[in-house]
Amino acid sequence: MTDEQQNREPVFNVPPVTVYLVAAIFIVHLLLTVTTPETFGWVYENFSFRPVIISAILEQPTPAGLAHIFITLNSHMFLHHDWSHMILNAGMLLAFGSMVERRFGAVRFLILYFISGWLSAVAEYFIAVPNIDVTLYGASGAVFGAMGATTIILLPRYGLRGVLTLIAVLLGLNIIIGATPLGMLLVGPGAEIAWIAHVAGFVTGFLMALLYVGGRPARR
């Protein structure tokens, strides 16, 4: 396929892994919206990432407890506060995930996506206030990893200055929205924007993409 043909690819020609991730996020949220309030609460209580619970497990680790940590590191990425939260993350995943998957291939995209999500949760764990039960959920940490990787992909086209400007805008908006009352207006009552997780995911994706382009040529 020539460069000209690649440039003419339809905007909505979304790669398969990105489609599967978005579909999984949508289906999980749809099922939770039609379940009972008791089931809804149980799922969020047990499958969100909760630093207080993680700390308690690590104080006296057991195989079941360590399994719980691994499960919630993954499951929290498929839970969302409401439809607007889910649609926002799914939309950004379609946009940025598609670029990363096309550039690096399905396997390396999946690795980048999940490691970004894991480390974003770990970052929240380390900054969490002791004895305050913070509940972390949403795909945004992993999505910000895809955003970070995208800046590396765009570097040859827009140059260092353009990419640095994009990074400054994305991270600046994230911090402003996450650390001010504006974030409350966007996510609604009872939720906060985990801007530390977003930054951690972004940096992880950025560094992993940098590692990818520094090794063997990525599959196009």
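Derivation of every value follows stated rules applied to the coordinates shown; laboratory data play no part. Quick caveat, the model's predicted, so the values are computed rather than measured. Cβ: placed from backbone, ideal geometry, glycine included. Neighbour counts: every protein chain shown.
Worth pointing out:
Condition check ((1) under 30 Å from Thr151 (Cα atoms); (2) among the polar types (S, T, N, Q)) across all residues:
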| site | (1), (2) |
| --- | --- |
| Thr35 | no, yes |
| Val52 | no, no |
| Leu73 | yes, no |
| Asp82 | yes, no |
| His85 | yes, no |
| Leu88 | yes, no |
| Leu94 | yes, no |
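- Check on Arg108, touching a Phe, Trp or Tyr at 6+ places or on another chain (Cβ under 8 Å), of a type in the set (Lys, Arg) and part of a helix (DSSP H, G or I): yes
- Some residue of the range 56-79 being aromatic (Phe, Trp, Tyr), within 26 Å of Phe96 (Cβ to Cβ), in contact with a helix residue (DSSP H, G or I) (Cβ under 8 Å, 6 or more places away or on another chain) and surrounded by 18 or more Cβ atoms within 10 Å (Cβ to Cβ): yes
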